[in-house]
1. Read through the list (1) within 15 Å of PRO142 (Cβ to Cβ); (2) buried (at least 20 other Cβ atoms within 10 Å of the Cβ); (3) more than 18 Å from the chain's Cα centre (by Cα); (4) free of Cβ contacts under 8 Å to residues at least 60 places away in the same chain, then give the number of the only condition that LEU61 fails.
2. I want to confirm something. Restricting to the range 119-145 and keeping residues that are more than 18 Å from THR86 (Cβ to Cβ) and touching a Ser or Thr at 6+ places or on another chain (Cβ under 6 Å), which single residue is surrounded by the most Cβ atoms within 10 Å (Cβ to Cβ)?
3. Among the helices (runs of 4 or more DSSP H) confined wholly to the range 131-186, which include 2 or more residues that are within 30 Å of VAL52 (Cα to Cα)?
4. Can you tell me which residue in the range 225-247 is modelled with the highest pLDDT, limited to those that are open to solvent by 10 Å² or more (accessible area, probe 1.4 Å) and of a type in the set (Gly, Ala, Ser)?
5. Quick one: count up the residues across the range 59-106 that are touching a helix residue (DSSP H, G or I) at 6+ places or on another chain (Cβ under 6 Å), closer than 18 Å to LEU161 by Cβ and charged (D, E, K, R).
6. Only one of GLU306, GLU362, GLU321, GLU390 is open to solvent by 30 Å² or more (accessible area, probe 1.4 Å), closer than 30 Å to GLY67 by Cα and either in a helix (DSSP H, G or I) or basic (Lys, Arg) (or both). Can you tell me which?
7. Of the numbered conditions (1) open to solvent by 60 Å² or more (accessible area, probe 1.4 Å); (2) of a type outside the set (A, V, I, L, M); (3) more than 28 Å from MET312 (Cα to Cα); (4) in contact with a Ser or Thr (Cβ under 7 Å, 6 or more places away or on another chain), GLU56 satisfies every one except a single condition; which is it?
8. Kindly indicate whether any position in the range 211-218 is assigned to a helix (DSSP H, G or I), aliphatic (A, V, I, L, M) and in contact with a helix residue (DSSP H, G or I) (Cβ under 7 Å, 6 or more places away or on another chain).
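The values are calculated or read from the model by the stated rules, or taken from the named source; none is laboratory data. Because the structure is predicted, anything quoted here is derived from the model rather than measured. All Cβ positions, glycine included, derive from the backbone under ideal geometry; neighbour counts span all protein chains shown. Surface accessibility is based on the protein's heavy atoms, side chains included, excluding ligands, DNA and RNA. Shrake-Rupley method; radii C 1.70, N 1.55, O 1.52, S 1.80 Å.
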Amino acid sequence: FQPALWYASRMMRHASALCLVFALSGCAADDEPAKQPTPYALELPEGFPSPVLSAENPLTLEKIELGRWLFYDERLSGNGEQACGTCHLQSKAFTDGLVVSEGSTGEHTPRNALALVNVAYNTTLTWANPTLKTLEAQFKVPMFGEFPIELGLTNHEEEVLERFRQDPAMVERFKAAFPELADPINFDRIIDAMACFVRTMISGDSPFDRYQYGLDDEALTDSEKRGLTLFFGEKAECYHCHGGFNLSGATTHASLAINESSFFNNGLYNVDGKGSYPSPNQGLWTFTEKPDDMGRFRVPTLRNIEVTAPYMHDGSFETLEDVVRFYEAGGRNIETGDEAGDGRANPYKSVFVSGFELTDQEREDLIAFLKSLTDKGFLTNPAFADPNPE
């Protein structure tokens, strides 16, 4: 089948599903039993396995729609100034375009915002915390964390919940999503709904996908095809860390017997000549205190990488060319300042970051291939957009 028809059918299916949600969330007569939530099955792109979904928090149309409203609602912050969607913009593959993110009170986080792309497949969910393996657990960090403050809900819990209780439309959405509960407006249900919404953010219709899975032999240019060969070849060796259908080593799905997290040190820093990274971004070591874990961060997906600049866990690089040249060099040598050190000689650096040589044309081809991973439909899909844009 043609990719355009495939994508159109996906959009029509999702649009029809959302129409059903609106119908189900209408006010029922007092003597009518509450309508039961409608199960939702993910429609996966070609070549994608089934993700491992939560048995405790199954997908339903009503929870997904409630989660979409909550994701973009600034009332879900202590001061009413910020929403999840503030730091996760659809046009930027749900990143924010900043070096490091800024919380609702103006406090900066230490790290760059990760893209919310195919997170239903992630083994772990942040740059370096190996314990956060479910969206339900991860959502609590930006919501209630205090070091740094992001949404800043701590000590504002009842105030925030009351905002939604005073909104008749939101009350009906909560009732439609959780009809079995007399009072469904609480943070556990808020987290369940947003987790369901984010799990539907599946991206797999880039030019690369259409070419790779035989849907369109002309989807890639000659330059992009040469870049593909470099990416998956032994010269650049990008695929060792960014492999599989999600172009990320930190991926799990229902067909895997063993799920392993993927954290690597890529030679970005070496501030003491012994492998150290600058505080507070010391990677997996923060949790394990094992020397070998210094500077090890999770390998992110490269899907939609064209629109997620700046790059690296601390936003160190502005462009894809900066990133490619960094890997060509086998790490980064910072000659002056507090972060001075030769990351190329970091003793904990991955063996796959050994450096390589590219011609100007090869570098251009590799960057062209990375841009072919952009799924424009994902970046504009109305099912993921703010349902109440101003």
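1. (1)
2. TYR121
3. On the way: elements: 135-144, 157-165, 168-177.
The helices (runs of 4 or more DSSP H) meeting that bar are 135-144, 168-177.
4. Kept after step one, since they are open to solvent by 10 Å² or more (accessible area, probe 1.4 Å), are these residues of the range 225-247: 225-226, 228-230, 232-235, 237-245.
Among the residues that remain, those that are also of a type in the set (Gly, Ala, Ser) are: 233, 243-244.
Details: GLY233: 95, GLY243: 92, GLY244: 92.
Going through the qualifying residues, I end up with GLY233.
5. Selection size over the range 59-106: 2.
6. Numbers: GLU362 fails: closer than 30 Å to GLY67 by Cα; GLU321 fails: closer than 30 Å to GLY67 by Cα; GLU390 fails: either in a helix (DSSP H, G or I) or basic (Lys, Arg) (or both).
Only one candidate passes the filter, namely GLU306.
7. (4)
8. The initial filter retains those residues of the range 211-218 that are assigned to a helix (DSSP H, G or I), namely 211-212.
Right, trim to aliphatic (A, V, I, L, M) and you get none.
No, the range 211-218 contains no residue that is assigned to a helix (DSSP H, G or I), aliphatic (A, V, I, L, M) and in contact with a helix residue (DSSP H, G or I) (Cβ under 7 Å, 6 or more places away or on another chain).
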